[in-house]
C-alpha cells in the first residue's frame, strides 16, 4: 500500500512539474513588463482617468525592467542591479519574475557563462520559506512556481555548459531543503556534466581565445591528429609577390602526405574543395582541402582476397615426391590513412579571408616549402558550396545568408598560376 502511495505521489509530482514548466514563460511575460509595456500601461491608465472609469477595473502594477533599460552592459552593472533588488525589499516581492528577466538578458551582458552570476540569482530567493515539512509537500512540488524558476535557471546553465559547484548545493539546500526538485536537478547535473566535460579527446582552453588565428590553429591541429607526424605551418601571403590578399594561412600536412603527393601522377589533376565547417566550442571555422580522386587500380588490389598464413585448415601436403606448392607473395601496398575510398587528401588549410586568391597563395607556398611537384600538376577549384567573394573573417554566426559566388557546386576552375 505504501509503495502504491509513493508511485501515485511521484506521478502527480511529474505532472505538476510539467504543468508549471509550461506556465513559467507566460508568468514571466505577464508580470515583469518591459519599458514599452510600462509606457503602454501608463497611457491606458491616463485614458481611463480621463474617461472617469478609473474605479471600474484595477490594473496590475507596472514593474520596471532594469536589465532592458541598462545603458552599460557589463558584469558589474548586472550584479549591481541584483544587489539593488535584494536590498530594496525585505520580502523580495516578484523575485520569480525578476529572475526570469535576469535570465533572459544574460547574453546581452555577456554573463551567460559566469557561475558567479547564477549563484547571485539563486541568492535572491528567500531562505527557509520553501522547504517542505512532510512527504506530501515534497512529492507534490511545494511552491511549484519558485521551484520551477530555479529548475529553469539550472537548465540554462546546462545549455551553456556551466557546471555548478558545491557552494550552489548548499544554497539550494538552504532554499528548498534536501527534498526539493531543484536539488534533485543539481544532483543529476553533477553526475553527468563532469563525465561529458572530460570526454572529448581534444581538450580546449577555457575560455577559448578570441584571436581568429589561434582558433584556426586549434581547428587544424584537431583535424591533423589523424596522423601524429602532421606539421602545422603558419604562412603569410605577403611572401608571394602577386598575391592580392594580405592575410595568414594555417596549413596542415604530414610527411606521408608529401610522399603521396610526389608519387601522384602528373596527368591527374588536384582539387581544392571547401569550404567545410568545424566548430571550436561556439566558434565556426571554414577550412579547405587539397585532394585527388581515388585510384581505382590501387583500391582493386586492396580488395583482393589475402591468404592467411596462420590458417591451418588447408595445408598443402606434397605427395609422391612432388614439390611443395609455392606460397603467394604477401608483401604489397598498404593503404594510408589519407587514402580514402572517395579520394586522397594531401593537405588542409584555413585562411583569414577564405578567398580563391588566398587559396592560390597557399598552393604556391606549399610548392615553395618542399612540394615542388605541385608546379607540374594542374590544380582546380571545386567548391562544394557557395563562397562569398571575400569574407571579413572565417568565423561567423550560422544564420548568415548564403552569398552567391562565381564558383558553383559542379563548376571547376583551373589554377591561374603563370
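Each value in this text was obtained by applying a stated rule to the coordinates, not by laboratory testing. These numbers come from a predicted model, not from an experiment. Note: ideal-geometry Cβ built from the backbone for every residue, glycine included; neighbour counts use all protein chains shown.
Tabulated data
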| quantity | calculated |
| --- | --- |
| Burial ranking of peptide ranges 339-351, 366-378 (average Cβ count within 10 Å, highest at the top) | 339-351, 366-378 |
| Theoretical FRET efficiency, 1/(1+(r/R0)^6), r = Cβ-Cβ of residue 293 and residue 242, R0 25 Å, to 0.05 | 0.30 |
| Principal axis box of region 226-291, alpha-carbon based, largest edge first, Å | 39, 34, 21 |
| 96, 250, 334 arranged by Cβ crowding within 10 Å, fewest neighbours leading | 334, 96, 250 |
| Kirkwood Rh (inverse of mean 1/r, distinct Cα pairs), region 335-387, angstrom | 12.8 |
| Peptide ranges 123-131, 168-176 listed from the most packed, as the mean C-beta count within 10 angstrom indicates | 168-176, 123-131 |
| Two-site FRET efficiency, residue 281 against residue 92, from Cβ-Cβ distance with R₀ of 41 Å, rounded to 0.05 | 0.70 |
| Highest to lowest packing among 75-81, 276-282, scored as the average C-beta count within 10 Å | 75-81, 276-282 |
| P(r) histogram, all alpha-carbon pairs of region 142-196 included - 5 Å bins from 0, percent | 4, 20, 34, 26, 12, 3, 0 |
| Evaluated over region 113-262, the Cα radius of gyration and Dmax, each in Å | 24.8, 80 |
